[in-house]
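Trainee: Have a look at the structure that comes next, please.
The values are calculated or read from the model by the stated rules, or taken from the named source; none is laboratory data. Computed from a prediction, not measured in an experiment: that's the story for all the values here. Don't worry about glycine lacking a Cβ; one is built from the backbone with ideal geometry, like all the others, and counts go over all protein chains shown. Please note that ligands, DNA and RNA were not included when accessible areas were found on the heavy atoms of the full protein model with its side chains. Shrake-Rupley method; radii C 1.70, N 1.55, O 1.52, S 1.80 Å.
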Amino acid sequence: MHADLAGRLSGPAEIISDRPDGLVLGDDDAVVKAHGPDTDSQALATRLRIAAHPLLRGILLAPLPAPQPPLDGRVVTAWPRGRTVDPEDPDAAPWTAAGRLLARLHRTPAAALNASIPPMRGPAKVARALHRLRSADAPGADAVLQAAATLPAWARGEAAAPPTGILCHGDLHLGQLVRHPRPDGPWLLIDVDDLGLGDPAWDLARPAACYATGLLIPEDWDALLSAYRDAGGPVAGPPGTLWPDAVDLPARALTVQLAALGLARAAAARREPDDIERDLLAACVRIAEIPAGPGEWDTP
C-alpha cells in the first residue's frame, strides 16, 4: 500500500504517520491519507465538503480539489502540505492561535453549511481506547475502567450525545495545526475525521486534561483559554477562570482515553508505564475516587 499511495504524489514520499486508523504520506507540496478500513465514507465526504466551505476558510485547511480513487478498499484524501508544530520548540507552540481558531469554528453557523452534519466523534475515540485497554493485559487497567464508569454513557461513546448545533473539531491537539502556505502562513486546523456537531468543550478537553494532570504548564493552558474566550468561544467561562465547569466532564473523558491508550501501548510493548502514563493513571484514580464536582480532581 505504501508504494501505491506514494504514487499519488509528485515528489519523493515520506511517511508522516502509519497507524491502523490511517496511513499518511507527504512530499514537498501535498499529503495523501489512506483512511482506516472502518471509515464511514459518506460521513467523511460530508466532512470534506465542510472543510472546503467558504465559511471555514481561514479556520480549516481545505482538501485538494481533485478526487482520489479508493486504494485497497480504503478512502483516500489529498491535502496541501503545511508546516507542523515543532515538537522541539515548545515555547513556540501556537496555543493562542489554537484558541482563536477553535472559537471561530464553534461560532460558525452550522445551519449555513447546507450539509447533514454527522456527530462529532470524540466520544467514539474514548470507546475505542477503552476497548483496546480491555483487550490488553495491562497493570492499572482497573483504575482507568473505574474512572470511565463515572462518566455518562454518551461520554464513553455508548449512547447518543446530547443534541447540539455547534460544529466541533473532535480531536484537538497541537498535531492538528499547520501553517499554510509554508513556511509562515497562518495557522489552520487539519484532520476532519472527527469533525461534527457536538459539545464544544470537547475541543478544549485534551489540553485541559494535560493541564489537570500537570503535563501542560498553566501559562500555556491560560493562553489557549484566554484566546478562545477573547474570540467569543462559547464555553470559556468568565474572565480569570482557569477551569470552566463545561470543560470538566470532557477533560475527565480525555484523561480516561489517554490513560487507556498509554497503558495498552505499554502492555503491548511489554514495558513499564512511563512518567506520563503514570501521571494519567494517577489522575484516573482521583477521578474514580471523586466522581462528582468540577475541579475536585484537577490537581495532583
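Residue-by-condition table, conditions (1) in a loop (DSSP other than H, G, I, E, B); (2) surrounded by fewer than 15 Cβ atoms within 10 Å (Cβ to Cβ):
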{"site": "TRP79", "(1), (2)": "no, no"}
{"site": "ASP86", "(1), (2)": "yes, yes"}
{"site": "ASP91", "(1), (2)": "no, yes"}
{"site": "THR96", "(1), (2)": "no, no"}
{"site": "ARG100", "(1), (2)": "no, no"}
{"site": "LEU105", "(1), (2)": "no, no"}
{"site": "ALA111", "(1), (2)": "no, yes"}
{"site": "SER116", "(1), (2)": "yes, yes"}
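Trainee: Which of the numbered conditions does GLU219 fail, given that it passes all the others? Conditions: (1) part of a helix (DSSP H, G or I); (2) over 17 Å from ALA147 (Cβ atoms); (3) open to solvent by 10 Å² or more (accessible area, probe 1.4 Å); (4) in contact with a helix residue (DSSP H, G or I) (Cβ under 8 Å, 6 or more places away or on another chain).
Mentor: Checking GLU219 against (1) part of a helix (DSSP H, G or I); (2) over 17 Å from ALA147 (Cβ atoms); (3) open to solvent by 10 Å² or more (accessible area, probe 1.4 Å); (4) in contact with a helix residue (DSSP H, G or I) (Cβ under 8 Å, 6 or more places away or on another chain), the one that fails is (4).
Trainee: Do we have TRP202 as in contact (Cβ under 8 Å) with a residue 24 or more places away in the chain and within 25 Å of ALA110 (Cα to Cα) here?
Mentor: yes
Trainee: Against the conditions (1) outside any loop (DSSP other than H, G, I, E, B); (2) open to solvent by 20 Å² or more (accessible area, probe 1.4 Å), where does PRO239 fall short? Just the number, please.
Mentor: So PRO239 meets the others, but not (1).
Trainee: Let me ask something else about it. What number goes with the only condition from (1) in a loop (DSSP other than H, G, I, E, B); (2) open to solvent by 10 Å² or more (accessible area, probe 1.4 Å) that GLY170 does not pass?
Mentor: Unmet for GLY170, out of (1) in a loop (DSSP other than H, G, I, E, B); (2) open to solvent by 10 Å² or more (accessible area, probe 1.4 Å): (2).
Trainee: Being assigned to a loop (DSSP other than H, G, I, E, B) and crowded, with 21+ Cβ neighbours inside 10 Å, is that true of even one residue in the range 174-186? Quick ask: steps written out before the conclusion?
Mentor: First, pick out the residues of the range 174-186 that are assigned to a loop (DSSP other than H, G, I, E, B): 180-186.
Applying the additional criterion that residues be crowded, with 21+ Cβ neighbours inside 10 Å yields none.
Within the range 174-186, not a single residue is assigned to a loop (DSSP other than H, G, I, E, B) and crowded, with 21+ Cβ neighbours inside 10 Å.
Trainee: Only residues that are more than 26 Å from PRO87 (Cβ to Cβ) and outside any helix (DSSP H, G or I): list them for the range 222-236, please. Quick ask: steps written out before the conclusion?
Mentor: Going through the range 222-236, the residues more than 26 Å from PRO87 (Cβ to Cβ) turn out to be 229-230, 232, 234-236.
The answer is GLY232, PRO234, VAL235, ALA236.
Trainee: If you don't mind, another one. Just to be sure, is ALA43 without any contact (Cβ under 8 Å) to a residue 40 or more places away in the chain, surrounded by 12 or more Cβ atoms within 10 Å (Cβ to Cβ) and either under 13 Å from VAL76 (Cα atoms) or in contact with a strand residue (DSSP E or B) (Cβ under 9 Å, 6 or more places away or on another chain) (or both)?
Mentor: Details: without any contact (Cβ under 8 Å) to a residue 40 or more places away in the chain: no; surrounded by 12 or more Cβ atoms within 10 Å (Cβ to Cβ): yes; either under 13 Å from VAL76 (Cα atoms) or in contact with a strand residue (DSSP E or B) (Cβ under 9 Å, 6 or more places away or on another chain) (or both): yes.
Answer is no for this residue.
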